[in-house]
Amino acid sequence: MYGLNAINAHNGWAISVVGVTIVFTGLVMLSMAIAQIHKLLDLWENRNELSLFRKKESVNVQPQVQLTPGQKESARQFKLLAETLDEHFSLPRLLSLARVSGIDHPHTTLAVLLETNIIVDDTQGYHVWDISQFKILVS
Amino acid sequence: MESAINILKKSELFSNLAENDLAELREVMETRTVQAGETLTSLGDTATFFFVLHTGTILVALQDGKSIVMKNSGDFIGLELLSSKGIYTATLTALTPCEIAVIPRDAFLAFIQENSPAAEMFMQSWDRHHSLMYPFITEQNLTDKDYHY
Amino acid sequence: MEHLFVDFFQNTGFYLCDYRNIVMILVGMTFIYLGIAKHYEPLLLVPIGFGMLMGNIPVFQGLGLGIYEENSVLHYLYFGVTQGIYPPLIFLGIGAMTDFSTLLARPVLMLLGAAAQAGIFITFLGALALGFAPNEAASIGIIGGADGPTAIFLTAKLAPTLIGPIAVAAYSYMALVPVIQPPIMKLFTTRKERLIRMEEPREVSKREKMLFPIAAFLLCCFLAPAALPLLGMLCFGNLLKEAVVTERLAVAARNAIIDSVTILLGVTVGASTQGNVFLTSQSVGIFVLGALSFCVATACGLLFAKFMNLFLKTKINPLLGAAGVSAVPDSARVVQIVGQKEDPTNFLLMHAMAPNISGVIGSAVAAGVLWSFMS
């Protein structure tokens, strides 16, 4: 048997379509999965910063200071700015960026961040951002 | 606002001074109120005042991006923490509304120059406090002390 | 005494020789020439070529010399081919020497490797149309995967009698990648497309590379369990490489093991091409369909890359589609050469390795799928 008859008789069309579909599905799934690997790894490496993994702790830790919604918003903006700096950053530099960026009440917000220990002195003249404290008080 | 003398008494640095020494300082001090965002000194300007914090938070921005935050009543901002040979080496910015006592620099230096026992006591406290709290401030700034010795 | 001489002469190759043996010896010598003089896949063509010489020395049946005689040494060595033992061992070595960074950096390029596998199924249809049985058609189609071990593995499982011609066709076309692919690449792409530059890939962490073989193995083998022998060994070899602590095993897999197995596989596949078995009209059909399969696979990869460009913000160079046929790393090298002919400062090799490696995975999955359909 030859030609289209042979293909039809041996179910060739179905085998080809299903085969191509399976190969494609497999590689698309793999492609999507490996595109997420680095994100999952990032999540795992920063798991201590995730509220999900800090549920029990966060229940026990009662924020001593309540930030107003406006302060929280400014704090978030400060955090974005701090992320553009080194881990141990210059406080005057952060303040300067906040002023340039037009954040509301940059000085008092910075004072609040220092007061609430969201920004902490590294004892070497620079400061660091305490992400866990930020999550407790702002997020 | 609390009297200047009470502000000095709260300071660890001035607490060992005798009453008459404190009274002498009180003569040259005055209290001020500053608003958040106000700049008290600018790096490179001629140094005219030292400061004692009563309430509020002040950012002391040093060279090289380093900084200190003053927020305790009685914190002293002067000597190598603020000036070198008559020039401010830091920029002071009030982060919140502050109440401060200001001491004219020349008067303060004259006080510790003329009053040896008080100066000795103050400088010992200052050195201890300084090395404990601000170890990262390098010797290159330590010149205001030499100015009067 | 005269009788003894006559008996001896009648047992010599000169007396038993058939014109088909001569033809195959010439083919074997051509393979050796191409491997040594032209540097076309020498690690494969030289063993296969010499195997052809070995397999085409006419021997007296019954002495246990020929590869198809059950008690011969060559037959025992050929056991690794017919039982599908060598291909997974080769995949172990390939896994231990492959860096999947480029694939991890741009997973979307994996689709090009998937697209090129369409050639396998199109050729499968063509083989059916030419009158081949479904199991034979599947074995012929897999030539388009341009992956020798995969082709041998599937043929050993589905159509053992065709191993010789299919293996020789697969390896021949793999060796001829630099000749076959460029005209197709030029035919399906414009100069403007060939000039497209690829974005710098992101940096891939060690942990990512360690997780990849496990994720790839689990995903692909859950979907197509029949791909387990090939993909399992490929991913295992890669885990040995990336785990660092198993470096000794990885070194053994990518040197001693793969080299030993390549020698045994090459020689026995070559020896299996005995003139009387190999030179048939069926073999001619396999070679024709194999070439077609290879060309279709290349074209499918190229066209799919162009199709992807319709949707992608940052366009990809469609030449990369040609690397979707596995033939690692030759098809990626061809992409680099063709790309550089248009723009000598355009470096596509690193990017082409992504669809190239994806093609290896894709053809193994396709082989698994065909095997499960035909079983």
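The values are calculated or read from the model by the stated rules, or taken from the named source; none is laboratory data. Quick caveat, the model's predicted, so the values are computed rather than measured. Please note: Cβ atoms are built from the backbone with ideal geometry, for glycine as well, and neighbour counts cover all protein chains shown.
Residue-wise test of (1) within 22 Å of C:ILE163 (Cα to Cα); (2) at pLDDT 90 or above.
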{"position": "C:VAL23", "(1), (2)": "yes, yes"}
{"position": "C:ILE36", "(1), (2)": "no, yes"}
{"position": "C:PHE60", "(1), (2)": "no, no"}
{"position": "C:GLY66", "(1), (2)": "yes, no"}
Original post:
Which one of the conditions (1) among the hydrophobic types (A, V, I, L, M, F, W, C); (2) under 20 Å from C:ALA114 (Cβ atoms); (3) touching a residue at least 12 places away in the same chain (Cβ under 8 Å) does C:LEU265 fail to meet, given that it meets all the rest?
Top reply: (2)
Subject >> Segments classed as helices (runs of 4 or more DSSP H), wholly inside the stretch C:258-334, with at least 2 members that are modelled with pLDDT under 90 and out of contact with any strand residue (DSSP E or B) (no Cβ under 9 Å at 6 or more places or on another chain) >> reply: C:275-278, C:281-309
**OP:** Evaluate the stretch C:85-99: report whether one residue or more is over 18 Å from C:ASP330 (Cβ atoms) and surrounded by fewer than 20 Cβ atoms within 10 Å (Cβ to Cβ).
**Re:** yes
Original post:
Going through the stretch C:189-233 one residue at a time, which ones are assigned to a loop (DSSP other than H, G, I, E, B) and facing chain A (nearest Cβ under 10 Å)?
Top reply: C:ARG202, C:GLU203, C:VAL204, C:SER205, C:ALA224
Original post:
What are the pairs, 6+ residues apart or on separate chains, where a residue within the stretch C:336-347 that is farther than 10 Å from C:ARG194 by Cα has its Cβ under 9 Å from a residue that is in a loop (DSSP other than H, G, I, E, B)?
Top reply: C:GLN336/C:ASN346; C:GLN336/C:PHE347; C:GLN336/C:LEU348; C:THR345/C:ARG197; C:PHE347/C:ARG197; C:PHE347/C:MET198
**OP:** Name the one entry in C:LEU63, C:LEU104, C:LEU43 that is touching an Asp or Glu at 6+ places or on another chain (Cβ under 9 Å) and not in a helix (DSSP H, G or I).
**Re:** C:LEU63
**OP:** Please find, among C:ALA137, C:ALA167, C:ALA96, C:ALA151, the residue that is modelled with pLDDT under 90 and either more than 30 Å from A:ILE15 (Cβ to Cβ) or part of a helix (DSSP H, G or I) (or both).
**Re:** C:ALA167
Subject >> Residue ID - surrounded by the most Cβ atoms within 10 Å (Cβ to Cβ), chosen from residues in the stretch C:170-184 that are more than 10 Å from the chain's Cα centre (by Cα) and assigned to a helix (DSSP H, G or I) >> reply: C:GLN181
**OP:** Quickly run through the stretch B:5-60 and pick out the residues that are part of a loop (DSSP other than H, G, I, E, B) and of a type in the set (Gly, Ala, Ser).
**Re:** B:SER11, B:SER15, B:ALA18, B:ALA36, B:GLY37, B:SER42, B:GLY44, B:ALA47, B:GLY56
**OP:** For A:ALA111, indicate whether it is of a type in the set (Gly, Ala, Ser), closer than 18 Å to B:LEU59 by Cα and free of Cβ contacts under 8 Å to residues at least 12 places away in the same chain.
**Re:** yes
Original post:
What is the one condition in (1) in contact with a His (Cβ under 7 Å, 6 or more places away or on another chain); (2) surrounded by fewer than 17 Cβ atoms within 10 Å (Cβ to Cβ) that C:TYR76 does not satisfy?
Top reply: (1)
Original post:
Is at least one residue of the stretch C:63-76 within 12 Å of chain A (Cβ to nearest Cβ), over 22 Å from the mean Cα position of the chain (by Cα) and charged (D, E, K, R)?
Top reply: no
Original post:
If you go through the stretch C:12-37, how many residues are surrounded by 14 or more Cβ atoms within 10 Å (Cβ to Cβ) and not in a helix (DSSP H, G or I)?
Top reply: 2
Original post:
If we keep just the residues of the stretch B:61-92 that are part of a strand (DSSP E or B) and more than 9 Å from chain A (Cβ to nearest Cβ), which is farthest from B:MET133 (Cα to Cα)?
Top reply: B:ILE87
Subject >> Hits in the stretch B:93-136 - residues which are under 14 Å from B:MET70 (Cβ atoms), modelled with pLDDT under 80 and either β-branched (Val, Ile, Thr) or not in a helix (DSSP H, G or I) (or both) >> reply: B:TYR134
Original post:
Among the residues of the stretch C:111-130, is there at least one that is of a type in the set (Gly, Ala, Ser), surrounded by 21 or more Cβ atoms within 10 Å (Cβ to Cβ), free of Cβ contacts under 8 Å to residues at least 40 places away in the same chain and over 16 Å from C:GLY321 (Cβ atoms)?
Top reply: no
**OP:** Kindly establish whether B:LEU53 is aliphatic (A, V, I, L, M), in contact with a Cys (Cβ under 8 Å, 6 or more places away or on another chain), crowded, with 20+ Cβ neighbours inside 10 Å and at negative phi.
**Re:** yes
**OP:** Go through the stretch C:291-333 and count every residue that is under 19 Å from C:LYS192 (Cα atoms), surrounded by fewer than 24 Cβ atoms within 10 Å (Cβ to Cβ) and within 18 Å of the chain's Cα centre (by Cα).
**Re:** 1
**OP:** Consider only pairs whose beta carbons are under 8 Å apart and that are at least six residues apart or on different chains; among these, list those whose first residue lies in the stretch A:77-96 and is surrounded by 20 or more Cβ atoms within 10 Å (Cβ to Cβ) and whose second residue is of a type in the set (D, E, K, R) and part of a helix (DSSP H, G or I).
**Re:** none
**OP:** Sort out which residues of the stretch A:96-139 are among the small types (Gly, Ala, Ser), under 21 Å from the mean Cα position of the chain (by Cα) and within 12 Å of chain B (Cβ to nearest Cβ), and write them in order of number.
**Re:** none
